[in-house]
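The values are calculated or read from the model by the stated rules, or taken from the named source; none is laboratory data. Keep in mind it's a predicted model, so treat the numbers as computed, not measured. All Cβ positions, glycine included, derive from the backbone under ideal geometry; neighbour counts span all protein chains shown. Ligands, DNA and RNA are excluded from the accessible area calculation, which covers all protein heavy atoms including side chains. Shrake-Rupley method; radii C 1.70, N 1.55, O 1.52, S 1.80 Å.
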Amino acid sequence: MGLISGVFMGMVFGIALMAGWKQMMRYRSTKRIAKAVDIKLLGSLNRDDLKKICGDNFPEWISFPIFEQVKWLNKQLSKLWPYIADAGEMVIRESVEPLLEEYRPPGITSLKFSKLSLGNVAPKIEGIRVQSLKKGQITMDIDFRWGGDPSIILGVEAALVASIPIQLKDLQVFTVIRVIFQLAEDIPCISAVVVALLSEPKPRIDYNLKAVGGSLTAIPGLSDMIDDTVNTIVIDMLQWPHRIVVPIGGIPIDTSELELKPQGKIALTVVKANDLKNMEMIGKSDPYVVVYIRPLFKVKTKVVENNLNPVWNQTFELIAEDKETQTLILEVFDKDIGQDKRLGIVKLPLIELEADILKEIDLRLLPSLDMLKIKDKKDRGTITIKVLYHEFNKEEQLLALEEEKRILEERKKLKQAGVIGSTMDAVDGAASLVGSGAGMVGTGLSAGVGLVGSGIGTGVGIVGSGLGAVGSGLTKAGKFMGRTITGQSSHPRRSGSTTPVNSVQENGGAKPL
């Protein structure tokens, strides 16, 4: 009897133990699932959501990394750097030297690499984030840092001055690079790569200039000219939405879809300015306005003499490639003998404009777009503009793209003929794109600063219609139009400008009144 009761009690105890174990495991599994759901929900919260939940008890040590660390990639990059540097040097010579010549500032006759070596120190990739995975494309942003030991010497030549070797020392680059991989079915599975620098955070390129066997003072303002050229190339060619498209692997591909295309047209009327700062010791300033979205397509108004409340009422048409990221820049200068002084500058983000709605805006002028470096923060007056944004259809986009290329070629011809000192010089009533016909319209290339003679040059206007070419009046206009020689602003910057029509910075913004 005792044996039977013992067996029975053992069976009951075993069954109870197994049932308890099963219940405990089910409970733990339920808790794990609930915790995983909570963690997933917390993972989807951002910093602001957590602050609302936690209030003042929000721990500061919680971080939200945007970029994923890639230490393994940096190790491989260090090993491969000697080979990458050799290839990079060749690519830089082939791609950057033509840009140096195209963006060469007035006063410099030649700007080329005398020596180019990227050194032995590899750049560092702080992190990578994948922006999008579209069909046939991968878009990623790379946090790029480089404080290397390159050996870069520029051969600079100017009129009546022998060639001066200028060494770029202590070069440091801090930027975020956007890379778009166009995928293909054939090996190496990538048919093209698109490379651009993001505008936010602003690309930072630091360096020091040193003359080898000479002096920087041999060419007045040389340091500022080089700074300005570097900044303009970065802004106008490399900074998003502008990009470089590189075919890879010898696979034939149509890269037209990857290239930057005109998105819309800005019809801008510069109406007037009020309460401008007087830069003259005797009399009043002679203001004019330089307008651009890209430094390569600068236009300017007429000069209103001896007036701090000028009225221009001039209309220009500018092309926008990316309304989301680009800005309209307006700079007001005082026309002077030799050097023109900046009276004020302002920028208007295009994203603030609505399609096909005319807006009249009063903007407050600033001494500089980078106000942190400015000591004189007195009021510079206001400028009134009327602006209308029109978005291109497919047909207008193609016509605008062809016309944009043609205008660039004409500006290069003007530069070669000596009519303008640089392809970035602002032109009076410069070519603009009009309607679907994308015709070239000019208000006339009037007499410039460089006029010599007792007579007054009246200038010859260039008027074209539809897709017509520039008229024969171009050569005549060149004889009467002098180069726009302008000077530094009253507040220098790190990458300064001896030619105000070339100067631009990305900080700051328009302040509607």
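Data table
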| item | result |
| --- | --- |
| Where residue 360 falls short, out of the listed (1) assigned to a strand (DSSP E or B); (2) under 20 Å from residue 277 (Cα atoms); (3) not hydrophobic (A, V, I, L, M, F, W, C) | (2) |
| Test: residue 230 is outside the structural domain of residue 181 (by the TED database), of a type in the set (A, V, I, L, M, F, W, C) and not in a loop (DSSP other than H, G, I, E, B) | no |
| Selection within region 291-311 - part of a strand (DSSP E or B) and surrounded by fewer than 21 Cβ atoms within 10 Å (Cβ to Cβ) | 311 |
| Given (1) touching a strand residue (DSSP E or B) at 6+ places or on another chain (Cβ under 8 Å); (2) open to solvent by 20 Å² or more (accessible area, probe 1.4 Å), index of the condition residue 120 fails | (1) |
| Sole residue being among the aromatic types (Phe, Trp, Tyr) and either modelled with pLDDT under 80 or assigned to a loop (DSSP other than H, G, I, E, B) (or both), chosen from 72, 61 | 61 |
| Single match in 331, 395, 410, 403 (criterion: assigned by the TED database to the domain that holds residue 273 and within 17 Å of residue 271 (Cβ to Cβ)) | 331 |
| Unmet requirement for residue 80, which otherwise passes all of (1) hydrophobic (A, V, I, L, M, F, W, C); (2) surrounded by 15 or more Cβ atoms within 10 Å (Cβ to Cβ); (3) more than 26 Å from residue 202 (Cα to Cα) | (2) |
| Residue check for residue 335: out of contact with any Lys or Arg (no Cβ under 7 Å at 6 or more places or on another chain) and closer than 30 Å to residue 100 by Cβ | yes |
| Residue that is modelled with pLDDT under 75 and surrounded by 20 or more Cβ atoms within 10 Å (Cβ to Cβ), where the choices are 374, 420 | 420 |
| Yes/no for residue 336 being open to solvent by less than 30 Å² (accessible area, probe 1.4 Å), touching a residue at least 12 places away in the same chain (Cβ under 8 Å) and part of a loop (DSSP other than H, G, I, E, B) | no |
| Condition broken by residue 426, with the remaining ones in (1) at pLDDT below 80; (2) in the same structural domain as residue 296 (by the TED database) satisfied | (2) |
| Qualifying position, being under 20 Å from the mean Cα position of the chain (by Cα), hydrophobic (A, V, I, L, M, F, W, C) and either open to solvent by 20 Å² or more (accessible area, probe 1.4 Å) or modelled with pLDDT under 85 (or both), among 212, 161, 195, 179 | 195 |
